[in-house]
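The values are calculated or read from the model by the stated rules, or taken from the named source; none is laboratory data. Just so you know, these numbers come straight off a predicted model, no measurement behind them. Cβ placement follows ideal geometry from the backbone for every residue including glycine, while neighbour counts extend to all protein chains displayed. Areas reflect the complete protein model, heavy atoms only, side chains present, ligands, DNA and RNA absent. Shrake-Rupley method; radii C 1.70, N 1.55, O 1.52, S 1.80 Å.
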Amino acid sequence: MKRTAKHGEAQQWIMAHINYDGSDCLIWPFSGNGHGYGRVWSGGKMRLVHRIMCELTNGPPPKPEHDSAHVCGKGHLGCCHPKHVFWKTRSENLADRLRHGTMIRGEATPNAKLSASDVLAIRETKGVAQKDLAERYGIARSTLNQIVKHKKWRWL
């Protein structure tokens with residue numbers, strides 16, 4: 001379990017590692033946000049360490065809505081290597097997450113009611129009212145409609 005940083009210790013660690021040049025990921029040694037990402041108080045608010053590192057090494061984001069994305073795919077493990085983070089749009093970051101295999105979707109999500117085979121079966125079913133199909137699978141009719149129209153589970 002990661003420990004809580006003492007006052008000023010986290011900021012000192014960041015500044016001591018801003019020029020880190022190792023080849024492996026640089027893992028945040030202190031507590032994080034519950035999803036593996038390091039965080040620290042900075043400027044009067046809680047901020048993600050990899051975003052601070054990205055600002056220090058790459059300058060401010062092109063637009064406030066840009067993400068600090070990990071090229072290593074290990075941000076969820078606490079990587080804050082200054083050479084592993086770059087500014088990307090949200091769609092670019094999501095594409096990276098798919099490529100890295102770190103995006104949870106489909107039946108891997110904790111609250112999934114359907115499997116991939118269920119979704120495919122729903123799409124292949126003909127002549128059954130959507131109300132009845134939704135009831136059979138225990139999902140809302142609106143969800144079933146979005147599945148049929150490929151708005152949900154669109155990668156299948």
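Just from its helices, what would the mean residue ellipticity at 222 nm be for the chain, if runs of 4 or more DSSP H residues each count -39500 (n - 2.57) and the sum is divided by every residue, rounded to the nearest 500 deg cm²/dmol?
On the way: 6 runs with 54 residues, N = 156.
Helix-only estimate at 222 nm: -10000 deg cm²/dmol.
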Please identify every one of the trypsin sites (Lys or Arg not before Pro) in the stretch 1-93 that sits in a loop by DSSP and has no more than 13 other beta carbons within 10 Å of its own beta carbon.
-> Lys2, Lys6
How many Å² of accessible area per residue for the stretch 30-156, probe 1.4 Å?
-> 61 Å²
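If you put +1 on each Lys and Arg Cβ and -1 on each Asp and Glu Cβ, how big is the dipole of the stretch 1-107 around its Cα centre, in Debye rounded to 20?
With only Lys, Arg, Asp and Glu charged at Cβ, the dipole is about 240 debye.
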Given Cα pairs under 8 Å that are at least 6 residues apart, what percent is the relative contact order of the chain?
-> 17 percent
Anchor Lys45: lysines whose Cα lies under 25 Å away (excluding residues fewer than 8 positions away in-chain) | Lys2, Lys6, Lys63, Lys74, Lys83, Lys88
Return the FRET efficiency for the residue pair Glu92, Gln130: r is the Cβ-Cβ distance, R0 is 35 Å, and the value is rounded to the nearest 0.05.
-> 0.50
Starting from the Kirkwood radius over alpha-carbon pairs of the chain, derive D by Stokes-Einstein at 37 °C in a medium of 0.692 mPa s and give it in µm² s⁻¹.
-> 180 µm²/s
Mean-position separation - Cα centroids, the stretch 1-21 and the stretch 90-121, in angstrom = 33 Å
Proximal lysines relative to Lys151, as straight alpha-carbon distance under 19 Å, when same-chain residues fewer than 8 apart are discounted | Lys113, Lys126, Lys131
So what J values fall out for the stretch 102-115 if you push phi through Karplus, 6.51 cos²θ - 1.76 cosθ + 1.60 with θ = phi - 60°, rounded to Hz, Gly and Pro as x?
-> 9, 8, 8, 8, x, 5, 7, 6, x, 9, 5, 9, 10, 9
Rounded to the nearest 10 degrees, the helix 90-100 long axis (Cα) sits at an angle to the longest Cα principal axis of the chain of 80 degrees
